[in-house]
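The values are calculated or read from the model by the stated rules, or taken from the named source; none is laboratory data. Not measured: the values here are computed from a predicted model. Reconstructed Cβ throughout: ideal geometry from the backbone, glycine too, with neighbour counts over all protein chains shown. Each accessible area value is taken on the protein alone, full model and side chains, heavy atoms only, with ligands, DNA and RNA left out. Shrake-Rupley method; radii C 1.70, N 1.55, O 1.52, S 1.80 Å.
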Amino acid sequence: MEGVGERLARKCEQLDIPLLGIAPAERWESLPFHPWVPPEFRPRGIYPEARSVVVIGLPVELPVLETTPSIYYHELYNTVNRLLDDSAYRIATMLSELGWPSIFVPRDGYGSLDVLKDRPTAFFSHRHAAYLAGLGTFGVNNMLLTPRYGPRVRFTSILTTAQLPYDQIMEGDVCVRCMRCVRSCPARALEEGSYPETLTKKDRCTTYNLNLAEDHISPCGVCIKVCPVGEDREQYGRKDARMYDDPERFAEHHRAWEHVRAYSGRPGKNYDRGSDEVA
Ligand code: B12
């Protein structure tokens, strides 16, 4: 007879979910680095009955992301978000129906970027969940980097009472510390620091995204676009991340991105305005 772990893997396959990781809820108590997720943000702080956390990941298509900031990436972001939420809800429902009460966590969980300026965190962190479920390691850009897609993957989680076969935490470092993300950030929100190597100036990032959102071209995503890590770069024939700084050698690509951007936002507008005020 098929066990609950196998049933879950089959469901993910049916839903076209390429990344699946599972962590026991106790892993949040082990404080793998500092500062760690406060108790109320941990699975049992949200769902005291939780025994396991299932994390799923969907890729962000690199050639679309390359057009950012654009209506094209904005639409891709919405599509991936919708699929993540729908899939997580369906997985939670399936587990509950099998006799293991489960709940989905939305892929983001904040009302608006304005709300984030005063309270910059969500009630649950999928990045930390994905790390504990063995899907990748933290990078200089503050994102979770996976071998397959680098940071170009979005996650969501399911909190479940089911006991499942767990994945090991990934060892080593997926990030190559090239600092391309730090140099490329248009909001100057990333800086080299002590933990985990960089600190994000969240308010700068949020303000920049707020400016983009006015013209329906948020989020930014440059720090995940320029990351040289990920098998997806090879898949799309974009192994060399220097292509973004070389409009002559990669003229066709730069022309394509400019074309899309010309139909997004307002040409000539400086979306970075205001970032300095909130530094
Ligand atoms: C709020 C938020 C934002 C805000 C704030 C950004 C920020 N720098 O945190 C805004 C809207 C600006 C934003 C932007 C982006 N985001 Co965002 N965002 C979130 C959200 C909703 C919540 C994050 C959170 O609150 N975590 C909980 C707290 C506890 O964790 P934390 O903030 O990471 O804090 C920890 C550490 O950073 C550290 N720390 C924090 N502050 C400090 C300060 C000091 C001094 C020290 C030492 C340590 C430290 O301690 C904490 C505990 O370990 C998550 C979705 C989710 N619910 O998880 C997505 C999420 C993190 N975002 C994501 C992405 C992809 C992005 C963008 C690339 C935009 C895009 N979609 O294209 C940018 C990247 C910005 C960046 N480089 O950090 C993905 C990441 C996927 C991945 N592969 O890792 C997530 C997981 C969404 C998803 N469902 O997939 N985001």
Yes/no for Leu58 being within 12 Å of the ligand (Cβ to nearest atom), under 23 Å from Ala9 (Cβ atoms) and open to solvent by less than 50 Å² (accessible area, probe 1.4 Å): yes
Yes/no for Pro120 being open to solvent by 40 Å² or more (accessible area, probe 1.4 Å), within 8 Å of the ligand (Cβ to nearest atom) and more than 21 Å from Val80 (Cα to Cα): yes
Selected residue (only one of Ala256, Ala262, Ala241, Ala251 is within 29 Å of Cys175 (Cα to Cα) and without any contact (Cβ under 8 Å) to a residue 12 or more places away in the chain): Ala251
Of all residues making up segment 111-163, the number that are aliphatic (A, V, I, L, M) and farther than 23 Å from Asp173 by Cα: 7
Every pair of residues 6+ apart whose Cβ atoms lie under 6 Å, when the first sits in segment 163-180 and is farther than 16 Å from Ile56 by Cα and open to solvent by 80 Å² or more (accessible area, probe 1.4 Å) while the second is basic (Lys, Arg) and in a loop (DSSP other than H, G, I, E, B): Gln163/Arg51
So Asp203, is it in contact (Cβ under 8 Å) with a residue 40 or more places away in the chain, in contact with a helix residue (DSSP H, G or I) (Cβ under 9 Å, 6 or more places away or on another chain), of a type in the set (Asp, Glu) and open to solvent by 20 Å² or more (accessible area, probe 1.4 Å): yes
Test result for Asp86, within 17 Å of the chain's Cα centre (by Cα) and more than 12 Å from the ligand (Cβ to nearest atom): yes
Val226, sole failed condition from (1) at pLDDT 95 or above; (2) open to solvent by 80 Å² or more (accessible area, probe 1.4 Å): (2)
Of all residues in segment 259-269 being open to solvent by less than 40 Å² (accessible area, probe 1.4 Å) and in a loop (DSSP other than H, G, I, E, B), the one that is modelled with the lowest pLDDT: Gly265
Candidate set from segment 97-106 (those that are in contact (Cβ under 8 Å) with a residue 24 or more places away in the chain and open to solvent by 60 Å² or more (accessible area, probe 1.4 Å)); member that is nearest to the chain's Cα centre (by Cα): Phe104
Out of Ala241, Ala256, Ala187, sole residue that is touching a Cys at 6+ places or on another chain (Cβ under 6 Å) and either buried (at least 16 other Cβ atoms within 10 Å of the Cβ) or not aromatic (Phe, Trp, Tyr) (or both): Ala187
Which listed residue, of Ala129, Ala133, Ala187, Ala162, is within 30 Å of Glu97 (Cα to Cα) and within 11 Å of the ligand (Cβ to nearest atom): Ala129
Some residue of segment 18-40 being closer than 24 Å to Leu210 by Cβ, out of contact with any Cys (no Cβ under 6 Å at 6 or more places or on another chain) and surrounded by 15 or more Cβ atoms within 10 Å (Cβ to Cβ): no
One residue from Gly109, Gly150 being out of contact with any Leu (no Cβ under 6 Å at 6 or more places or on another chain) and surrounded by fewer than 19 Cβ atoms within 10 Å (Cβ to Cβ): Gly109
Answer residue from segment 61-81, given it is of a type in the set (A, V, I, L, M) and out of contact with any helix residue (DSSP H, G or I) (no Cβ under 6 Å at 6 or more places or on another chain) and is farthest from Ala251 (Cα to Cα) among those: Val80
Criterion: surrounded by 21 or more Cβ atoms within 10 Å (Cβ to Cβ) and at pLDDT below 95 - qualifying residue of Thr156, Thr198, Thr160: Thr198
